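Throughout, read-outs are computed from the coordinates displayed, never taken from laboratory work. Quick caveat, the model's predicted, so the values are computed rather than measured. Because the Cβ atoms are built from the backbone with ideal geometry, glycine has one as well, and the counts that use them run over all protein chains shown.
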Protein chains: 2
Amino acid sequence: MEPIKNLPRLCRTLGYEFKNIDLLTHALTHRSASSKHNERLEFLGDSILSIVISDALYHQFPKVTEGDLSRMRSTLVKGETLTVIAKEFKLGDYLYLGPGELKSGGFRRESILADAVEAIIGAIYLDADIETCRRLLLTWYKQRLAEIKPGINQKDPKTILQEYLQGYKKPLPEYNVVDVKGDAHNQTFTVECRISELDKVVTGVSTSRRKAEQLAAAQVLELINK
Amino acid sequence: MEPIKNLPRLCRTLGYEFKNIDLLTHALTHRSASSKHNERLEFLGDSILSIVISDALYHQFPKVTEGDLSRMRSTLVKGETLTVIAKEFKLGDYLYLGPGELKSGGFRRESILADAVEAIIGAIYLDADIETCRRLLLTWYKQRLAEIKPGINQKDPKTILQEYLQGYKKPLPEYNVVDVKGDAHNQTFTVECRISELDKVVTGVSTSRRKAEQLAAAQVLELINK
C-alpha cells in the first residue's frame, strides 16, 4: 500500500483550500493508477491557464505585438515551465501513479508532473471559479511574470537551432524550398532543412515558407534532442 | 473614402451592445488598414473562446475522454468554423481593410474573417467580462454545441489521409519508422509516410511513434492540399 498523501500540506503549498478535496485527489491521479484519472481536468486547466496568462500579458505589455505576446505566453505555459512549478510544489510526492509509472523518470516523469499542474488548475476552477483561479495563478506566476520580457527568451526553432550549431562551431543549417503547390493565395511550401551532423533531410510543409522552415527546424531539434 | 459602417446593426447581429464602440472598430481593423489593428485583441479572444468551449464540452460530455474533448474543441474553434460564424454575421461588410486586402479572396480572406471573430470576442471581454463573453458565445455556438458528438467528424490526419486515398481507390499510405533515438523513456521517432501519388517522402518527428505518424500524415495532407 502506498502511504497516505498529506493533502492538507499540499493545499497550503498551493495556497488554496479545497471545499471538495476529492477534486484534488482526482487531479493528482495519473491514468496508470485509476480509470478516474486527471486527463479531463487537465483539458480544462490548460484553457484556464491560457486565458489568465493571456490577460495578464495583454495588460502588462500594452504596446507589444501579438507575436511577442504569443511567444511569451508559450514560454509561460509550456510543459517545461509547468514541470518547474510542479517541482516547486514537490508535486511528485503527492501523485497517484500506477506501478509501471512509479519508476519512470526523465521526460515521461516530467510530462506527468506538468499535466498534473494543469489538472490542479482545472480542479480549482470546478471547486471555485475562474476569478479564484486567476488570483491564485497570478501568485504562482508572480516572479515569472515580473521577469518575462518580449523578444528575449522567446526564441523560435530556427533561432534555437542556429545558436545550438554555432555553440559547437558547426556549419549553419541550410533551408531549401523543394516544392511549392497551389494558387497565389493558397500556396503550400515544402522546405528541407539540412544540417551537417544529420545524414537525413527533414522537411516542413506549411502555407508559408517561413512557417515551413520553422516546422523543419523544430523537427531537426527534436531529432538532435535539443 | 469608404462608406461608414453600420456598427449598431452589427451589434444587433452579435447580440451585444458595446459600452465603448471604439473597441468594436478596433476589432474590425485589419493590419493592412491601420497600425491600430486587431491582432492583440485576437490574441485575447482566442483564449477566451478556448475556455468557454472547453468548459461547455466538459460539462456536456461528462464521460468523454480528454482526447475526444480536445478534438471537439478543435472542431469548434478552428479557423474554418470561425469563418462560417463570420459569414453568418456578414462580417465582411464591416471590416476595415487596406487597399491591398480589399480585393483579396480565398484562403487569405477567410482567415481575416476568422481572426476578426476572435478579435471581437477579445473586445467584448475588455468591454465587459468573461461571464458576458460566455453567455454570448454559448448563444453563437448553441446549434454547433447541440450537434457536436465525440468520435465523429473529429478525424485525425492519418484517418483523413486514408479515407481520402480510399475514395480515389489508391493504395493506402505506408508508414515506416526510419529512426529511433534516445533512451527508453526519452525516445524520438522519425517516421516516413509514403503515398503512391507523391514522388517525395515526408517525415514526421516526435516523441512517440503514433504522434510522428500523425505529423507525417498531416504534412502529406497539406502537400496534396486536402
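Worth a mention:
- Mean residue ellipticity at 222 nm, helices only, chain B: -17500 deg cm²/dmol; runs of at least 4 DSSP H residues each add -39,500 (n - 2.57), and the sum is divided by the number of residues.
- Likely footprinting exposure, A:Lys181, B:Lys19, fewest C-beta neighbours within 10 Å first: B:Lys19, A:Lys181
- Sequence-separation-based contact order of the range B:7-147, relative, with Cα cut under 8 Å and 6+ spacing, percent: 39
- For the segment A:35-42, counting C-beta atoms of other chains within 10 Å of every residue's C-beta and taking the mean gives 3.
- Sorted shortest first, the separations between the B:Pro99 label point and its copies elsewhere in the assembly read 7.5 nm; each point sits 7 Å from Cα along the Cα-to-Cβ line.
- Quotient of Cα Rg and 2.2 N^0.38 Å for the range B:157-223, N being how many residues it contains: 1.13
- The same position A:Arg12 in the other copies lies at 6.1 nm from this copy, comparing label points 7 Å beyond Cα toward the beta-carbon, shortest first.
- Options B:His26, B:Ala212, B:Trp140, ranked by Cα towards positive dipole end of chain B, top entry (Cβ charges): B:Trp140
- Relative frequency of Cα-Cα separations exceeding 32 Å in chain A, percent: 35
- If you bin all the Cα-Cα distances of the protein assembly as shown at 10 Å, starting from zero, the percentages per bin are 4, 18, 27, 29, 17, 5, 0, 0.
- With label points set 7 Å from Cα along Cα→Cβ, the inter-copy distances at A:Lys142 are 4.5 nm, sorted shortest first.
- With only the Cα atoms considered, the range B:112-226 has a convex hull volume of 181 Å³ per residue.
- A Förster radius of 56 Å, combined with the Cβ-Cβ distance separating A:Ser196 from B:Thr81, puts the computed FRET efficiency at roughly 0.80.
- Here the residues B:Lys63, A:Lys142, A:Lys158, B:Lys87, ranked from fewest to most Cβ neighbours within 10 Å of their Cβ, fall in the order B:Lys63, A:Lys142, B:Lys87, A:Lys158.
- Per-residue mean of foreign Cβ neighbours for A:116-129 is 1 (Cβ atoms of other chains, 10 Å radius).
- With a simple spin-label model that places each label point 7 Å from the Cα along the Cα-to-Cβ direction, the separation between B:Leu145 and B:Thr132 comes to 1.9 nm.
- Note on A:204-214: average number of Cβ atoms from other chains within 10 Å of each residue's Cβ is 2.
- When chain A is turned onto chain B, its residue with the beta carbon nearest the axis, and that distance in whole angstrom, is A:Ile51, 2.
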